[in-house]
Structures are given as C-alpha cells and as structure tokens.
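Rule-based calculations on the coordinates, nothing more; no lab input. What you see is a predicted model; the values in this text were computed from it and never measured. Note that each Cβ is placed from the backbone with ideal geometry, even for glycine, and that neighbours are counted across all protein chains shown.
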Amino acid sequence: MQPLFKTVGIVGTGAMGRGIAQMAAQAGSDVILFDVQPGAAETARLALRETWNKLSLKGKLTAEQVTDLEARLQVAGSIQALAPCQLVIEAIVEKLDVKQRLFGELEGLVAASAVLATNTSSLSVTAIAAGLQRPEQLVGYHFFNPVPLMKVVEVIAGLKTSALVCQQMTDFTRQFGHTPVSAQDTPGFIVNHAGRGYGTEALRVIGERVADFATIDRILKDQMGFRLGPFELMDLTALDVSHPVMEAIYRQYFDEPRYRPSVITAQRLAGGVVGKKVGEGFYVYTDGVAQVPAEPAVPVVAELPPVWVSPKAARRTEIFQLLKELGAQIETAGAPSEAALILVAPLGLDVTTLAAVERLDPTRTMGLDMMLEDSATKRRVLATNPATRIDMRDAAHALFARDGKAVSVVRDSGGFVTQRVVATIVNIAADMCQQGICSPDDLELAVTLGLGYPMGPLAMGDRIGPTNVLEILFNMQTVYGDPRYRPSPWLRRRGALGLSLKHTEA
Ligand code: NAI
C-alpha cells in the first residue's frame, strides 16, 4: 500500500506525538520526529522501537516488519529538517500563541501543498490558522489517549480548511486502521462535546442528594449498560483534567445551560481530591482499588401490603405482570385501599408531583422507574417522596427484591437517575446534529469508539423512543424550571413526528 503522505513530520513527541508517529509509520510513511526539548525525540524513537518489539513478541508484527518500521523513523536535529514533509502533525503544549507561532514557521518551510495538522483538543482550529498565509492547508486532527488503542480520530475543518485537505486526512486515517469522523470546528468537537451530559447530569443528581455516588454508578451501569459509572469515570480521568474541560466548553458556548458544570467538582478540584491517581476522588483507593461501600441490605418485612398501581403509570401492564411474578397481592379497584402500597411510574416527573396531581396518599406512594422494560435491566430503581413512610419504603424494597434482582431505593427526583442522565445525553447529541457539527452516523461512531458507551446517543434515544425522551425532558422542565432541559429542535421535531433520531431531512 502506498502511503498517502510519503513523509510525515511529528512536532512534539510526548505521549500523543509518539502514538501518532507510530500510526503514521504503520500507515507506511517515513516519519521525522521533532521536539524542542533536547533528547525528547530520540527518547520517543527508542520507546517506539520497544513498542514494536513487544508487538512482535506477541506475534502481531514479524521481525521484518519491525525492522522496516524502525527504518522509517528519523529524529530531526532542527525544525528545518521537516521541510520535505507532505504532512506535519503537531502535538505540542496546548497554548494558542505557541501553536500559531509553530505553524507560521512550518508553512515557511514546507511545500505549498503540504498539510498542517493540529492535535489540539480544546483550541479553535480556526484561531490557530488565523494568522497563516495558507489557512486552507491547516486542519484539526484530534486523537485520543492512548493513540494506538483509541481507534477514532476527529478530522476538524476550520473555517477556511479546504475540503481536499479534510478528505486527505480522512483517507490517511484509514491507512493505519483507525476510524475517521468529520467535525466542524466547535468547542469540544464531537467526543468531548457529546460526553458533557453524563458527568454533569450525574453531578446534578448528587447535588440534589437523590442518592450517593456508588448508588448512582450502580444504577447507570445496571440499567443502561455503561461500562463505568459517571463517578468511577471522573475518578479515572481525574478532575484536574475533566473539570476544566467542563468549564471550557460551557464558557466557549457562552454559558449555555446544557453544559453547566458543577460546584461539586470545582470544590473537589480545589481540595486536590481529584481521583484515582492521588488515591482519593469520589471513591477512596487502597492499592489502586476503589473502596466501594456495600449495597444497603434488603429489609426483612414480615407481611407485605397489597399493591395498587396508578392508571397513569408507564408500562402499567408490565408492572402488573411483574407484580404477579413477585407474588404481590394486586388491587384492581379504581382507588387504593387504606392499606395499599401505591405505585406510580413517572417519565420525567417526580413522585411528589404525581401524588399531588393524582390525589394519592403520599405517605404510601413510591415511584418505580419503568423507562426501560424490566427484563432489559439488571436493577430496579424505586423512589420515595418526602412524605413516604419507612414501612412503605421497606415493603416496596423487599417486594421488588423478592426474585433476587438488585434494587436501589433513591430519593425523589424529576426523572429518576437513568431517565435524566440518558435524556440529557440524548438531548445534547440531538443538538449537535441540529447544529450540524457532524453527521448522525459520525456522532454515533465517535461516541461509541471515543467514550465506550454501550451504544451511540441517538441509538439510545431511539431505544427509549424519541417521544418518551421528549416527554422526560418536558416534564423535567416542569419540575425544575431549568432551561438546561429544554429539548433541542432536532429531538422535538423527530419526537413529535415519531421519527428516528438518526433521520436526516431531505
Ligand atoms: P506531552 O507534554 O506529553 O508532550 C508535549 C511535547 O511537546 C513535549 O515533549 C514538549 O517538549 C514538546 N513541545 C512543547 N512545545 C513545543 C514546541 N514549541 N515545539 C516542539 N515541541 C514542543 O503532551 P501530550 O499529552 O502528548 O499532549 C500534546 C498535545 O496533544 C496537546 O495539544 C494536547 O491538548 C493534545 N491532546 C492530548 C491528549 C491527552 O490525552 N494527553 C488527547 C488529545 C489531544
């Protein structure tokens, strides 16, 4: 295979530059490494040699391939050595003026047709290109850490980037086996923008003291299939990285409420409680292992009350079936008896509102999250309201745990935990489509590969039903009066018409 770019220059050979150099060499290009710090490029070359030798020991490369790859790496003594490159990728410090200066120097060295690429994750590609003679040759080329394992690359078009340059970078990405996605030059591009919903909404849930960190993590993993809970994830990424990203994207969008960060992470960052790497974040780590508090035990209840289900409950027939399987005594009269446990199953509303509107006795009323079919989840979530009696709470907990399935009992909240977090993720993704930041397909690809979600956010919305997601958000706006929950026009129109969230207009 002929590499699209015969010679590729890498400027900045730290963690990212090294990985990018590996990819370029594996695509078949000759690679020239340059770093301002003396010896750094040579260190990178030696590290890459070791990486390839390890891959050969694992049988992933032949000895011949390793020799060939090593021969393609060259260390530059000065930046002038990059002159013959058809592509130069920069992975230096994240500072606008330093990057601008570097590219100004580079465009004076390379041919007019050469492509200049920046691996920036938070700066505007347009701003980096602003002072250049040939801004059309500069493109955003955003990798994720660790580069060889994170197999997605965002190709970002600045305001003046030529379509040909974007196409070349897209094709080049395929040459080393990564998946290219195309993004417009907007804060956070695709992955860091789409990732805003998960953590920020989970922090809102914590801020309301609906449940503790561990419970929220368990709920989102067991109900929706996220690999890591939001607090586990923030501990892994560390707040010194993720809080500034939350703040930057919020500010860059001129305080758009959808991206509003949390005082909780600001405070923890100030206190140095940033995550696993320092031994303490939302969890405490002993020898690198999170100390997860045990789940509250299922209460032992001698006699379970009969159960009455609100006629307005979501998936009411399914709830009856489930109650039957759990051996509950079901009441079918128009109103609950004096002894009954009263169940509501809201979408987006809180238990309190339903008890008030449906004129139910709040002391006996509990909510059950039925956004998803019971069979599709590994955990049931029940919610109390401020008036719920302890005996009713315990009875509901014991009843729904009867078949051994995990149960979490949380406090009242508009949209339980999973509903509100998932609706927020879906809404942000829908709005990215509305803004034309990327195509629905690229959004799904970027999020599944870059964030490891169990499915793309639009697929998540389709799974729940766009109309249901819309209902959750409308109702959450009623409960909270917070503009962060206002549905994106993309979701609003597709939800109202019953169309898939991946549907694009003619
Ligand atoms: P790093 O600190 O490991 O490496 C940066 C390297 O660039 C250092 O070796 C430094 O000596 C060199 N350098 C600094 N200024 C230079 C200049 N003017 N000319 C030549 N070399 C220079 O940093 P890392 O993590 O590799 O990140 C580099 C870039 O990649 C940043 O722009 C960052 O925003 C971006 N990025 C980082 C990600 C990450 O997870 N670490 C993910 C995606 C993008």
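Distance between the 7 Å Cα→Cβ label points at ARG227 and LYS60: 1.5 nm. In this rough spin-label picture, where each label sits 7 Å from Cα along the Cβ direction, the SER439-ALA333 distance is 6.1 nm.
Here the range 111-138 is scanned for amide nitrogen atoms under 16 Å from the site 7 Å beyond the Cα of LEU159 along Cα-to-Cβ, giving 123-138. Between ARG359 and MET150, full extension at 0.36 nm per residue minus the direct alpha carbon distance yields a gain of 70.0 nm.
Phi angles of the range 75-85 translate, via the Karplus equation with coefficients 6.51, -1.76, 1.60 and θ = phi - 60°, into HN-Hα couplings of 9, 8, x, 8, 5, 4, 5, 7, 3, x, 5 Hz per residue; Gly and Pro are given as x. The long axis of helix 196-207 is offset from the longest Cα principal axis of the chain by roughly 40 degrees. Once a ≥ b ≥ c are taken as the square roots of the eigenvalues of the Cα gyration tensor of the range 355-402, is the result rounded (a/c under 1.5), prolate (a/b larger than b/c) or oblate (a/b not larger than b/c)? Judged from the Cα gyration tensor, the range 355-402 comes out oblate (a/c at least 1.5, b/c at or above a/b). When peptides 407-416, 265-274 are sorted by average Cβ neighbour count within 10 Å, with the highest value leading, the order is 407-416, 265-274. Which FRET efficiency, nearest 0.05, do PHE254 and THR43 yield, Cβ-Cβ r, R0 45 Å? E between PHE254 and THR43, to the nearest 0.05, is 0.60. Approximating the spin labels as points 7 Å out from Cα along Cα→Cβ, the VAL289-to-SER500 distance works out to 4.4 nm. How many angstrom lie between the Cα centre of the range 406-456 and the Cα centre of the range 218-257? Cα centroid of the range 406-456 versus Cα centroid of the range 218-257: 12 Å apart.
Sequence-ordered 3J(HN,Hα) estimates for the range 223-231 from the Karplus curve with 6.51, -1.76 and 1.60 and θ = phi - 60° stand at 8, 10, x, 5, 5, 10, x, x, 7 Hz, glycine and proline given as x. Dividing the summed -39500 (n - 2.57) terms of all DSSP H runs of n ≥ 4 by the residue count of the chain sets its mean residue ellipticity at 222 nm at -13000 deg cm²/dmol. Note on GLU136 and GLN80: the extension gain reaches 18.0 nm, defined as 0.36 nm multiplied by sequence separation minus the Cα-Cα distance.
Counting only DSSP beta bridges with both residues in the chain, tell me the antiparallel percent, nearest 5.
On the way: 10 of 48 bridges.
Looking only at bridges with both residues in the chain, the antiparallel portion is about 20 percent.
From the residues THR126, SER182, PRO84, which one has its Cα farthest along the dipole of the chain in the positive direction, the dipole being from +1 and -1 charges on Cβ of Lys/Arg and Asp/Glu about the Cα centre? My answer, from the dipole projection, is SER182. Sorting 157-169, 25-37 by average packing, meaning the other beta carbons within 10 Å per residue, from highest down gives 25-37, 157-169.
To the nearest ten degrees, helix 239-252 and the longest principal axis of the Cα atoms of the chain are 90 degrees apart. Taking Cα centre as origin and charging only the Cβ of basic (Lys, Arg, +1) and acidic (Asp, Glu, -1) residues, the dipole magnitude of the range 193-290 rounds to 160 debye. Among 247-257, 186-196, the peptide with the highest mean count of other Cβ atoms within 10 Å heads the list, and the full ranking is 186-196, 247-257. Between helix 418-434 and the chain there is an angle of about 40 degrees, using the helix long axis and the longest principal axis of the Cα atoms. For the range 7-185, what is the percent of antiparallel DSSP beta bridges, rounded to the nearest 5? Bridges in the range 7-185 are about 10 percent antiparallel. Remark: the chain carries a charge dipole of roughly 220 debye about the Cα centre, counting +1 on each Lys and Arg Cβ and -1 on each Asp and Glu Cβ.
Applying the Karplus relation 6.51 cos²θ - 1.76 cosθ + 1.60 with θ = phi - 60° to the range 119-134 yields 3J(HN,Hα) values of 8, 4, 9, 9, 8, 7, 4, 4, 5, 4, 7, 3, x, 7, 5, 10 Hz, where x marks Gly and Pro. Annotation: amide H of VAL75 within the under-5 Å range of LEU33, sequence separation 5 or more or interchain, hydrogens built in the peptide plane. Placing +1 on each Lys and Arg Cβ and -1 on each Asp and Glu Cβ, with no other charges, gives the range 283-378 a dipole about its Cα centre of roughly 240 debye. One Cα centroid belongs to the range 173-196, the other to the range 360-388; the line between them spans 38 Å.
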